[in-house]
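Comments concern the structure below.
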Amino acid sequence: MEHIKIVCVTYDDYRGIFKSVIERFLSPEIEIIYFEGYLDNLMAGYSQWLRDGADVIIATGGNFGVLNTYATIPVIGVQIHTGAYINAIKMTEGDIVLTHHVMTPILSVDALLNISANRVEIAAYESKAELEQIIIRAKGKTIIGGCLAKRLAEQHEIASVLLIPEEETIVNALLESVSIAKHLKIEKRKRDLLEAVVEHTVNGILSVNRNGRISMANPSALTLLALQSDVVDLPLESCLPTFAACLNKAPVMGTILSHDEKRYVVNWIPFEIEPDKPAGVFIFQSATEVIDAERSLRRSMRDKGLYAKATFDDIVGNCNLLRSEIKRAKLYAMSESNVLIYGETGVGKELFAQSIHRFSKRQDGPFVAVNCAAIPGTLMESELFGYDEGAFTGSRRGGKMGLFELAHGGTLFLDEIGEIDMTVQARLLRVIQEKEVMRIGGDKVIPIDVRIITATNARLIDKMPHAFREDLFYRLDVLSLNIPPLRARGTDVLTLFTRFLKHHLPLEAMNFVMPETSKWVLDAYRWPGNIRELQSVVERFAIQYRQLSMLSEVGLHEILVSAIGAEKLCKSLLKELKYNPEVDVNHIKKSKQAAEALGKAFPGRKQFIAEQLGLSRTTLWRRLNED
């Protein structure tokens, strides 16, 4: 508990009464200083009390009136209630003069005038000398008043009755003083904290009064603007004309202003807006510092992997289907709606998701990607929504942020969304609707600002309603993209093959020419793994390419077939021709068509082709030569 110091200004006649009452209610943290004051010696005492750190003053009568006029700390008066006056009047015979300081008027005057058959006169005074004159003129009457009135009356041998404050009024004054002192200390702590924050913050803070003059500038403001400390009370227009242009405006956030060839990011917050009388505060930073902070944030996100690498420029291909989806994706990037990306495994769904993020207004925010199929259902909930400390056995000390919190201000990409457990789907739906998340084991709702992009290689409609919630589907499928498989992209396969080869063989790829037969294979193969499979094929091709002693078309074709896999290539070609070795061996046209295709893909490998078609070598030869 903080120490409280209270000065009790009283007179000798009251001191015993005050002390006996007050000390019954004292606690260790309260210190009482008693001071005997008679109007004319108060100033000297008051200066000393301030030096001693007094919090509140308790005073009576004229002392209260004087102190309440000029004191800068609270002054609590001990009121003389009507009952004390009535008791004093009943004790008096003859005419009466009731005295009081002008600052402490007598209450219920009419009641006092009517309780005595004798004449009652009320006299107010402002100084000790004025009170003494009232008492001298009252010779032959009885003076009723406070300690000073009683003392002066005795000096002039005039009868007097002392007004005694009731115990209740003294207690009330003490309790009020303690309450006010506590409140003031709390407010002082808040004020000191605020001043410390303003004093030490790196942001410039500059306030302006209603006359358009600078009323405060913290050290950062002076440093950033290269101003002197004596700018306070100078017109803003003369010191910072570009800032002064904001004075007659509503709040301005994040505007760029210049001063002495330097640029600042400025917020203007008006306290009140009255015609021609602006008042408010500027909070600003150097534009250079903001840029540096943004770079630092980007580096931090990059270190954590929370960023998107790809852009639409990284999506290679001239296929009309692909270009159409890219055009649609760019349009979607300009909105905030959720996007659902359809496409087979390996077509580049995350590439599109990253490109949408980089093309959107959220490009400077985090990009958080997660493969829902790779996380067990029991862990998915804690990964997405996070958890508080002690939420479950083995939980991290201090808890853990979920992916939604990590993606705040950016994009959350949920790949393989169809694999999420139904229980998690229900909670995911609520987060999307309410835009807020509660950690597992937590009791606090955390607002989030996240755009959601999802992807799937399955038909979610076929999963509904038993394996996928319909309401969640309609929340996710606001905007949709369909990424074409590689087999539907024609010459893009060769373009991508060449691009990937340059990555593995930058020098050799410069003079590389793909044999026509190999081009046909690239186009005829179905590529079930799409671009991801093509990348692996190119990597295997590059490794074998380095081992070739002589570069020939036959050699290049053989390592391409090897890189794809002979049996995989064969099955793909036969599937495309709808040839079944167990059924179509006697179908002359079908088997001949299949034999010609395999002969093109596997030149010189008659035995292999015959085995794949379910034919003997003789039958194979005959079929190839039949008209």
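The values are calculated or read from the model by the stated rules, or taken from the named source; none is laboratory data. All values derive from a computational prediction rather than experimental measurement. Cβ coordinates were reconstructed from backbone atoms using ideal geometry, including for glycine residues, and neighbour counts include every protein chain displayed. The protein model used for the area step is the full one, side chains on, heavy atoms only, and it has no ligands, DNA or RNA in it. Shrake-Rupley method; radii C 1.70, N 1.55, O 1.52, S 1.80 Å.
The angle between the Cα long axis of helix 42-51 and the longest principal axis of the Cα atoms of the chain comes to about 30 degrees, rounded to the nearest 10. Judged by the ratio a/c of the largest to the smallest principal axis of the C-alpha gyration tensor, the stretch 119-180 counts as prolate, that ratio being 1.5 or greater while a/b is larger than b/c. Compute the long axis of helix 287-304 from its Cα atoms, compare it with the longest principal axis of the Cα atoms of the chain, and write down the angle in degrees, 0 to 90, nearest 10. Between helix and principal axis, roughly 50 degrees. Diffusion of the chain by Stokes-Einstein, at 10 °C in a medium of 1.306 mPa s and with Rh set to the Kirkwood radius over alpha-carbon pairs, works out to 46 µm²/s.
Other residues within the sphere of radius under 14 Å centred on the Cβ of residue 78, judged by their own Cβ, net out at -3 (K and R +1, D and E -1). Dividing the convex hull volume of the alpha carbon atoms of the stretch 450-547 by its residue count gives 148 Å³ per residue.
Over the chain, what is the relative contact order in percent, taking alpha-carbon pairs closer than 8 angstrom and at least six residues apart?
Details: 978 pairs, mean separation 47.5, N = 627.
RCO, the chain: 8 percent.
Relative to the dominant Cα principal axis of the chain, helix 553-564 is inclined by about 50°. Electrostatic tally near residue 461: other residues with Cβ closer than 13 Å to its Cβ, Lys and Arg +1, Asp and Glu -1, net 0.
Computed on protein heavy atoms with a 1.4 Å probe, the accessible areas place 229, 536 in the order 229, 536, largest first. For residue 182, the solvent-accessible surface computed with a 1.4 Å probe is close to 80 Å², ligands and nucleic acids excluded.
For residue 122, the residues whose modelled amide H falls within less than 5 Å of its own, excluding neighbours fewer than 5 places apart on the same chain, are 98.
For the chain, report the accessible area per residue in Å² (1.4 Å probe, heavy atoms, rounded to an integer). Working shown, then result.
Values: 33110 Å² over 627 residues.
About 53 Å² of surface per residue is accessible.
DSSP bridge analysis restricted to the chain gives an antiparallel fraction near 40%, rounded to the nearest 5.
As a fraction of the 1.4 Å probe accessible area of the chain, surface on carbon and sulfur atoms comes out at 51 percent. Mean separation of Cα pairs under 8 Å and 6 or more residues apart, divided by the residue count, gives the stretch 364-468 a relative contact order of 32 percent. Evaluating kT/(6 pi eta Rh) at 20 °C and 1.002 mPa s, with the Kirkwood radius of the stretch 63-206 over Cα pairs in the Stokes-Einstein relation, gives 120 µm² s⁻¹.
Do the sum for the chain: with -39,500 (n - 2.57) for every DSSP H run of n ≥ 4, divided by all residues, what is the mean residue ellipticity at 222 nm, to the nearest 500 deg cm²/dmol? Intermediate results must be reported in sequence, preceding the final value.
Working: 27 runs with 286 residues, N = 627.
Computed mean residue ellipticity for the chain: -13500 deg cm²/dmol.
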